[in-house]
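The values are calculated or read from the model by the stated rules, or taken from the named source; none is laboratory data. These numbers were taken from a predicted model, which means no experiment stands behind them. Here the Cβ positions follow ideal geometry from the backbone for every residue, glycine too, while neighbour counts run over all protein chains shown. Keep in mind that these areas ignore ligands, DNA and RNA; they rest on the heavy atoms of the full protein, side chains included. Shrake-Rupley method; radii C 1.70, N 1.55, O 1.52, S 1.80 Å.
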Amino acid sequence: MENANGEPSNNNNNDERLAIMELANMISVPMSLNAVVKLKVADAIWGNGSNAPLSPIEILAKIRGPRGGGDAENLQRILRMLTSYGVFKEHVVDDGSQRRYSLTKVGKTLVTDENGLSHGSYVLQHHQDALMRAWTMVHEAVNDSSIEPFAKANGEPAYNYYGKNSEMNSLMLNAMSGVSVPFMKAILQGYDGFQGVKTLVDVGGSGGDCLKMILEKHTNIELGINFDLPEVVEKAPKIPSIKHVGGDMFDYIPKGDAIFMKWVLTTWTDDECKEIMKSCYNALPEKGKFIACEPVLPHHTDDSKRTRALLEGDIFVMTIYRAKGKHRTEEEYRQLGRAAGFNDCKGFYIDHFFTILEFHKS
């Protein structure tokens, strides 16, 4: 027997079986997302802001131009599936003979902006061949946590591997920029913790882009110090009021009124985090503060998008970067901070993914 929607009216554990079937086939979602990014579907539909619904044939025509070609039916299959996850909106002609697609707010995050950035690079970076090899070995993080699955699958740690592959490294940096810029805009709009700071140190600041955004917003900061590995800062561009300094954060961190760090602690073990935070503590004056921006896990587990995104990111860290690197709760960060000498930790939940954590030196 079926109900009005063509679904079986007798449950017979159908919900449970459907749930496990969806989970088993879940790889279809990220790999289809990867496909539409590679095909530049979002840019084709966006059309400089029009976002006019297009058929798969019209999308292919915009992507491929005069050379033509491509399988419109297979593209439609991908678009339909991603529509069910809210990436595209489907527009069906009354008789059902043709389907057209526009971008939802989620889909718009894949559109390339004027600086060549989008979340598309983040999608591509997560699904490169070397990373895909690691995903078949997630269970090894349980069997032996002394080495992460990526290193087992590829013979060396991820950052070493990236360093030898300029294309992978470039994609990773572009992916981080695509994620960081929207987050930094949210910080600058909703967080006032940089007020009163004269010298700000950005640890792991790469080329100094985030530090530049902070200094442009907070003119009270007289000097920004961009601190990263020597081989990183030697390639950094000259930026007014910013000094590039090379070094190792485990050895020392340049002194400043405040120390800023974004997406660094999550890839280190608890003991390593204590060392890093102790370096920060030693570099600060009395009443100075350490500002860390990290993915912070909720205390309770639920099925919200935020919780799932954070827990999925935690498994990514465990699989690719460090088997014992991890996302942490605010209380876990508080305990690490206290072990390093900080008197307390306060969380600012401005962004849906990243949290600002303030550690004060009394």
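Where the second residue is part of a helix (DSSP H, G or I) and small (Gly, Ala, Ser) and the first is farther than 16 Å from residue 273 by Cβ and lies in segment 337-362, which pairs have Cβ atoms under 6 Å and are six or more apart or on separate chains?
350/186; 350/190; 351/186
Scan segment 205-244 residue by residue and report those that are among the small types (Gly, Ala, Ser) and either open to solvent by 40 Å² or more (accessible area, probe 1.4 Å) or at pLDDT 95 or above (or both). Break it down into steps so the answer makes sense when it comes.
Initially, segment 205-244 is screened for residues among the small types (Gly, Ala, Ser), giving 205-208, 224, 236, 241.
Within segment 205-244, 206, 224, 241 meet the criteria.
Is there a residue in segment 96-107 that is under 30 Å from residue 154 (Cβ atoms), in a helix (DSSP H, G or I), out of contact with any Leu (no Cβ under 7 Å at 6 or more places or on another chain) and open to solvent by 30 Å² or more (accessible area, probe 1.4 Å)?
No, the conditions are met nowhere in segment 96-107.
Run down 342, 316 and say which single residue is among the aromatic types (Phe, Trp, Tyr) and either part of a helix (DSSP H, G or I) or surrounded by fewer than 18 Cβ atoms within 10 Å (Cβ to Cβ) (or both).
316
Identify all residues within segment 277-290 that are in contact (Cβ under 8 Å) with a residue 60 or more places away in the chain and open to solvent by less than 50 Å² (accessible area, probe 1.4 Å); write none if there are none. Reasoning before the result, please.
The first filter runs over segment 277-290 and keeps only residues in contact (Cβ under 8 Å) with a residue 60 or more places away in the chain, leaving 277-278, 280-281, 283-290.
277, 280, 281, 283, 284, 288, 289, 290, listed by residue number.
Taking segment 178-198, which residues are open to solvent by 60 Å² or more (accessible area, probe 1.4 Å) and polar (S, T, N, Q)?
Result: 189, 195.
Given the residues 134, 151, 175, which is the only one that is touching a residue at least 60 places away in the same chain (Cβ under 8 Å) and surrounded by 13 or more Cβ atoms within 10 Å (Cβ to Cβ)?
Residue meeting the stated conditions: 134.
Tell me, yes or no, whether segment 346-357 has at least one residue that is over 20 Å from residue 191 (Cα atoms), open to solvent by 20 Å² or more (accessible area, probe 1.4 Å) and not charged (D, E, K, R).
No, segment 346-357 contains no residue that is over 20 Å from residue 191 (Cα atoms), open to solvent by 20 Å² or more (accessible area, probe 1.4 Å) and not charged (D, E, K, R).
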